[in-house]
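Below is one structure; the comments refer to it alone.
Values in this text are rule-based calculations from the coordinates and carry no lab data. Quick caveat: nothing in here was measured; it's all calculated off a predicted structure. Positions of Cβ are generated from backbone atoms using ideal geometry, with glycine treated the same way; all protein chains shown enter the neighbour counts.
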């Protein structure tokens, strides 16, 4: 696989405990990911190859702790051959849910 995955996310959620905050921070930092997490929000960015889908494994653990969150984890996938495609992840009921997407281009028109 020769795909570059550009992840970014912003989640907000009900206030979490010190233990939950510490756990999420550790899970991400133990895997060398930088994260900005407070007791009510999480911001994350990562770009590179993710052939083993480590980011998703970690965010499944995060989802189990948070249970529900507003916002999304967005992944732009560039395989070098065509327009990028996307995966959008949300957290509901302690699960990480996926929605796939791709670009749809309109016909070329003159710029006025």
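Which number do you get for Rg(Cα) / (2.2 N^0.38 Å) in the range 56-112? It would help to have the intermediate numbers written out before the result.
Working: Rg = 15.9 Å, N = 57, 2.2 N^0.38 = 10.2 Å.
Rg over 2.2 N^0.38 Å, computed on Cα atoms: 1.55.
Could you work out the relative contact order of the range 4-102, using alpha carbon pairs under 8 angstrom and six or more residues apart, expressed as a whole percent?
Computed value for the range 4-102: 32 percent relative contact order.
Report the normalised scattering of the range 16-67 as log10 I(q)/I(0) at q = 0.19, 0.29, 0.30 Å⁻¹, calculated by the Debye formula with identical scatterers on the alpha carbons.
With one equal scatterer per Cα and no solvent, log10 I(q)/I(0) is -0.61, -1.33, -1.40.
Hey, rough spin-label estimate for residue 112 and residue 23, points 7 angstrom out along Cα→Cβ, what's it come to in nanometres?
5.8
Please report the projected area of the chain's Cα convex hull averaged over all directions, in nm².
Mean orientational projected area (the chain, Cα hull): 8.9 nm².
Which percent of the Cα-Cα distances in the range 37-83 go past 14 Å?
Counting pairs separated by more than 14 Å, the tail of P(r) holds 60 percent.
If one takes the longest principal axis of the Cα atoms in the chain, at what angle in degrees, from 0 to 90 and to the nearest 10, does the Cα axis of helix 54-66 lie?
With rounding to tens, the tilt is 50 degrees.
How much length would be gained if the chain were fully extended between residue 104 and residue 67, taking 0.36 nm per residue of separation minus their Cα-Cα distance, in nm to one decimal?
10.0 nm
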